[in-house]
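Contents: one structure, followed by commentary.
The values are calculated or read from the model by the stated rules, or taken from the named source; none is laboratory data. Please read these numbers as outputs of a predicted model, since none were measured by experiment. Counting neighbours? That spans all protein chains shown, and the Cβs are built from the backbone with ideal geometry, glycine included. Surface accessibility is based on the protein's heavy atoms, side chains included, excluding ligands, DNA and RNA. Shrake-Rupley method; radii C 1.70, N 1.55, O 1.52, S 1.80 Å.
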Amino acid sequence: MYRYDEFDATMVAERAAQFRGQVARRLSGELSEEEFKPLRLMNGLYLQLHAYMLRVAIPYGTFSSRQMRRLAHAARKYDKGYGHFTTRQNIQYNWPALVDVPDLLDDLAEVEMHAIQTSGNCIRNVTSDQYAGAAADEVEDPRPWCEIIRQWSTFHPEFSFLPRKFKIAVTASDNDRAAVRVHDIGLRLHKNAGGDTGFEVIVGGGLGRTPYVGHTIRDFLPKEHLLSYLEAILRVYNLEGRRDNLYKARIKILVNAEGAERFRGLVEEEWAQIRSSGIDLLREEIERIHAYFEAPAFEKLPGESVALNAQRDGNGEFDRWLRVNTVAHKIPGYAIANISLKPIGGIPGDISAAQMEAVADLADQFSFDEIRATHEQNLVLPHVRKEDLFKVWRVLKAAGLATANIGLVSDIIACPGLDYCTLANTRSIPIAQRISERLADLDEQESLGELKIKISGCINACGHHHVGHIGILGVDKKGEEFYQVTLGGSAGEDASIGEIVGRGLSSGDVVDAVEKLVQFYKSERNDGERFLDVYRRIGADPFKEALYAAA
Amino acid sequence: MQLLKLSSHGRGRISPALEEPSQEVSLDEWRNNPQAHADATALVIPNDASVADIKKDVSGFDVVILDFPQFKDGRAYSQARLIRERMEYSGEIRARGGVLRDQLLFMVRCGFNAFEFGDVGAADAALREFTFAYQPAADSVAPIWRQRLAHARAA
């Protein structure tokens with residue numbers, strides 16, 4: 001894991017001190033709320049329906065048990081004893097008092113954490129594959145490049161007042177777990193024919209009101225040129241992106257208005273001017289950053305654990321958790337263990353302080369001190385010995401964290417919705433809870449296979465409904481909550497935007513609708529076909545018919 | 001509006017400038033009829049103007065004025081860097097419009113060295129809030145990674 005040196009520590013401490021001054025100016029009345037707003041929004045502090053909300057950055061989703069314990073401390077001291085993991089691998093506190101926020105940020109700074117650029121029209125916290133450094137299917141660990149991007153983008157003087165927010169995601173696997181095709185910039189590390197690794201650069205993807213799958217503007221960028229190439233893209237966007245309409249200000253609108261070819265031309269022209277101007281790091285610094293991410297001291301273990309095979313025999317619940325929540329690790333004898341934050345009927349992404357501490361203890365003992373947050377609002381212990389999995393599972397079970405539903409129908413992404421958010425038209429969380437309860441049976445869920453439901457409480461699409469296999473979008477119709485269903489979206493390497501399948505449904509009907517769709521899929525599927533596969537094979541019409549046919 | 005100036009490029013001292021009667025001309029007026037504006041000392045460039053081919057326009061002026069129609073419209077940050085770095089313009093680049101205390105350091109880093117801003121005490125404090133910078137820009141500050149390398153080599 002990356003560790004701060006004196007420079008990083010000074011940056012974060014000075015930012016905390018600066019923000020303390022800004023809050024003091026607000027509290028003394030020197031700044032009006034209107035004047036304070038752009039300042040707090042540069043530091044992840046939103047004013048929500050009932051209270052301030054603070055969004056804390058977890059760069060590329062990697063953090064330590066010490067940091068998790070501090071997050072638990074902050075939840076107890078400054079919030080109501082819980083936190084909420086988001087689709088950007090961050091954590092949010094929903095109830096801090098403004099006067100306490102500077103102290104909260106000081107507490108976080110002590111463990112190398114902050115809220116820098118978790119909001120505002122700047123380059124946001126960079127996101128990545130939650131299995132980075134552990135996945136059997138990755139080309140190499142993408143996190144050193146995420147850290148390089150983090151440093152370059154932090155307080156970038158030219159790109160702190162962009163037309164709109166800007167999100168960069170990085171993956172190093174053909175199985176895209178970072179949704180790189182629906183980000184402002186997506187980067188995919190891969191090997192070319194010569195055996196070198198470099199970046200595929202994808203630009204102009206995004207969700208929101210106008211969803212787009214991004215365009216590849218470069219198949220292979222040599223790694224050492226990453227920062228100058230990003231700077232060229234950002235400069236073109238900063239100068240050319242629309243600023244007359246908030247809803248047309250993201251880079252996806254510019255890329256699609258210009259056309260990907262012309263946009264590529266603008267970027268390449270700018271890059272030619274700056275590629276040798278000292279933006280890119282020298283090899284020594286690239287290597288220094290890589291050294292922080294060297295693999296932990298894995299033991300030489302047999303691929304199969306005899307103890308584990310005995311433990312799973314006759315323990316159906318544990319066996320299911322192994323099947324559903326653990327993933328192949330690149331080192332024999334190890335596994336990646338997912339921790340679901342989607343208990344049946346629970347609030348997606350919520351976690352109590354006591355649960356945070358349980359996860360921290362497990363990471364300490366069994367995962368080389370590392371934890372990951374996922375964009376699907378779950379957590380990961382990336383490096384667990386197979387023979388320790390039973391112990392890990394028992395602790396998780398006791399903490400209420402062992403729901404075996406990763407990637408299944410109840411592993412739902414939902415935005416905070418009208419329960420918290422000032423932008424929302426409808427509630428999202430109660431819909432997620434009711435769907436999860438309706439389809440609670442885990443045997444049934446497992447037999448349905450991978451099925452991703454994503455729920456947004458308004459058109460801004462924070463719940464990623466456009467890329468749900470089943471997406472649900474809340475809309476307000478004359479003061480009543482309605483829900484529109486989309487089908488066939490995907491955030492993966494086969495990214496696609498879901499199609500709206502018909503008129504909106506009431507909050508009472510939407511849960512029935514999901515059940516109908518699921519039943520219809522079951523009746524149509526061939527062996528091994530996922531929901532998405534069936535949809536792509538037979539198209540929208542049969543699903544529509546099933547959904548709207550008179551009961 | 002008070003005018004503040006930096007004593008040098010990069011992170012010099014900031015202090016109120018004596019009001020100089022600068023004669024302003026807009027980029028369009030200048031390009032349409034340079035003879036009519038031979039006395040002008042300050043070129044005012046709107047923030048939606050391309051600065052790609054502006055080198056010969058700016059070279060004769062003591063002052064270039066870039067505009068922030070609103071504080072959150074950040075196009076002039078890129079314009080300033082292009083004029084300072086690519087055009088190698090060494091005169092005054094002045095920020096006008098939505099110039100807020102907490103943006104002054106970003107502006108300085110992008111090559112601005114004069115600001116239409118009312119509070120010299122606040123400006124001075126704002127420019128001292130950060131010791132280091134992660135990335136190179138138009139000021140003379142070495143980015144953190146170069147300082148790290150220098151430390152490592154000295155050790």
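Within the stretch B:77-87, the residues that satisfy the criterion of being more than 9 Å from chain A (Cβ to nearest Cβ) and either in contact with a Cys (Cβ under 9 Å, 6 or more places away or on another chain) or open to solvent by less than 10 Å² (accessible area, probe 1.4 Å) (or both) are B:83, B:84.
For the stretch A:120-149, filtering for residues that are open to solvent by 20 Å² or more (accessible area, probe 1.4 Å) and either over 25 Å from residue A:177 (Cβ atoms) or not in a loop (DSSP other than H, G, I, E, B) (or both) leaves 2.
Report, by residue number, each residue of the stretch A:242-284 that is assigned to a helix (DSSP H, G or I), of a type outside the set (A, V, I, L, M, F, W, C) and over 28 Å from the mean Cα position of the chain (by Cα).
Initial filter on the stretch A:242-284 (assigned to a helix (DSSP H, G or I)): A:246-248, A:251-258, A:260-274, A:283-284.
Checking the rest, the ones that are also of a type outside the set (A, V, I, L, M, F, W, C) come to A:247-248, A:252, A:256, A:258, A:261-262, A:264-265, A:268-270, A:273, A:283-284.
Listed by number, the residues that qualify are A:258, A:261, A:262, A:265, A:268, A:269, A:270, A:273, A:283, A:284.
Residues of the stretch A:87-106 that are touching a Lys or Arg at 6+ places or on another chain (Cβ under 7 Å) and open to solvent by less than 10 Å² (accessible area, probe 1.4 Å): A:90, A:102.
Among the residues that make up the stretch B:88-99, is at least one of them within 12 Å of chain A (Cβ to nearest Cβ) and part of a helix (DSSP H, G or I)? No, there is no match, as no residue in the stretch B:88-99 is within 12 Å of chain A (Cβ to nearest Cβ) and part of a helix (DSSP H, G or I).
Looking at the stretch A:365-481, the strands (runs of 3 or more DSSP E) lying wholly inside it that each contain 1 or more residues that are at pLDDT below 95 and open to solvent by 30 Å² or more (accessible area, probe 1.4 Å) sit at A:470-477.
Somewhere in the stretch A:161-171, is a residue assigned to a helix (DSSP H, G or I), under 25 Å from residue A:264 (Cβ atoms), of a type in the set (A, V, I, L, M) and within 14 Å of chain B (Cβ to nearest Cβ)? Talk me through it step by step, then tell me what you get.
Within the stretch A:161-171, the subset assigned to a helix (DSSP H, G or I) is none.
Within the stretch A:161-171, not a single residue is assigned to a helix (DSSP H, G or I), under 25 Å from residue A:264 (Cβ atoms), of a type in the set (A, V, I, L, M) and within 14 Å of chain B (Cβ to nearest Cβ).
Take residue B:6 and decide whether it is in contact with a strand residue (DSSP E or B) (Cβ under 9 Å, 6 or more places away or on another chain) and touching a residue at least 60 places away in the same chain (Cβ under 8 Å). Reasoning before the result, please.
Working: in contact with a strand residue (DSSP E or B) (Cβ under 9 Å, 6 or more places away or on another chain): yes; touching a residue at least 60 places away in the same chain (Cβ under 8 Å): yes.
Taking the combined requirement at face value, the residue satisfies it.
Annotation: of all residues in the stretch A:293-321 being over 12 Å from residue A:387 (Cα atoms) and surrounded by 14 or more Cβ atoms within 10 Å (Cβ to Cβ), the one that is nearest to the chain's Cα centre (by Cα) is A:293. Residue A:484 meets the conditions (1) out of contact with any strand residue (DSSP E or B) (no Cβ under 8 Å at 6 or more places or on another chain); (2) free of Cβ contacts under 8 Å to residues at least 60 places away in the same chain; (3) open to solvent by 10 Å² or more (accessible area, probe 1.4 Å) in every case but one. The failed one is (1).
If only residues of the stretch A:29-74 that are in a loop (DSSP other than H, G, I, E, B) and either within 14 Å of another protein chain (Cβ to nearest Cβ) or of a type in the set (Lys, Arg) (or both) are counted, the one that is most open to solvent (accessible area, probe 1.4 Å) is A:30.
Considering every residue within the stretch B:48-55, establish whether at least one is hydroxyl-bearing (Ser, Thr, Tyr) and touching a residue at least 40 places away in the same chain (Cβ under 8 Å). Quick ask: steps written out before the conclusion?
Going residue by residue through the stretch B:48-55, those that are hydroxyl-bearing (Ser, Thr, Tyr) are B:50.
Restricting the remaining residues to those that are touching a residue at least 40 places away in the same chain (Cβ under 8 Å) gives none.
Looking through the stretch B:48-55, none of the residues is hydroxyl-bearing (Ser, Thr, Tyr) and touching a residue at least 40 places away in the same chain (Cβ under 8 Å).
State yes or no: is residue B:124 more than 8 Å from chain A (Cβ to nearest Cβ) and open to solvent by 20 Å² or more (accessible area, probe 1.4 Å)? Outline the logic, then answer.
Working: more than 8 Å from chain A (Cβ to nearest Cβ): yes; open to solvent by 20 Å² or more (accessible area, probe 1.4 Å): yes.
Spelling it out, residue B:124 is indeed more than 8 Å from chain A (Cβ to nearest Cβ) and open to solvent by 20 Å² or more (accessible area, probe 1.4 Å).
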